[in-house]
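No lab work stands behind these numbers, since they all come straight from the coordinates. Everything numeric here is computed off the predicted structure, so don't read it as measured data. With ideal geometry, Cβ positions are generated from the backbone for all residues, glycine too; neighbour counts draw on all protein chains shown.
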Amino acid sequence: MRDNRGTNQRGQGSAGAVLGAAVVTMGLISGTFYIFACGVMPGLGRSDDRVFIEVMQNMNDAFNNPVFFASFFGALLFTAVSAWQLRGTSSYRWVLAALVVYLLAFAITSVVNVPLNDELADAGDPAKISDPAAVREKFEDTWLAWNVVRTLLSTVAIGLLARALVLRGRDAKARQSEYFDPAAGSSASR
């Protein structure tokens, strides 16, 4: 009979690392959406139309970078891989729920916020826009509303992942306790 304890322990370590990466990347994305909802957009909302358009165009352009994409796509990838790795455990349903919830936030970003960002970029140089108020009006309220929704969804997702992390820690502690329990038999039978 082959002993798979070493393999299982390495797999469990990998599953823990991936779940940890899912928590971190989801936290980064949730925080990004949150800061826009609580500070960036309310502050920018105090600006005149041309300034609003110019700053949003600049921020949207600045977000097109590998660091942001690593977090945005990483949250999805790490959560999906974690769900696959943890199937059959008490953490699985929590990670799967986080994946479904984040998929909704990801879809909102892809279907609503990014196209609005693209339309704003296509409006061109704010100094040359004939009716900046109309451009802003078409963008601002819709973008803000859907940003709040994706903020809430990604916050729920990080809560679900945190719950999975707690359960995984409890499961690991229980496995360790069983292994070291002297009443469980001799080390030769393990």
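What the table below lists for this structure:
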{"quantity": "Vicinal HN-Hα couplings computed from phi for region 31-45 (Karplus, 6.51 cos²θ - 1.76 cosθ + 1.60; Hz; Gly/Pro x)", "calculated": "x, 4, 4, 4, 5, 5, 5, 8, x, 5, 5, x, x, 5, x"}
{"quantity": "Positive minus negative residues near residue 93 (Lys, Arg vs Asp, Glu; Cβ under 12 Å)", "calculated": "+2"}
{"quantity": "Where chymotrypsin sites (Phe, Trp or Tyr not before Pro) fall in DSSP loop in region 96-148, at most 13 other Cβ within 10 Å", "calculated": "none"}
{"quantity": "Protection proxy ranking, peptides 15-25, 37-47, average beta carbon neighbours within 10 Å, highest first", "calculated": "15-25, 37-47"}
{"quantity": "Charge tally in the Cβ shell below 11 Å around residue 138, where Lys, Arg are +1 and Asp, Glu are -1, residue 138 excluded", "calculated": "-4"}
{"quantity": "Extension gain from residue 47 to residue 59, taking 0.36 nm per residue of separation minus the Cα-Cα distance", "calculated": "2.8 nm"}
{"quantity": "Extension gain from residue 131 to residue 111, taking 0.36 nm per residue of separation minus the Cα-Cα distance", "calculated": "4.7 nm"}
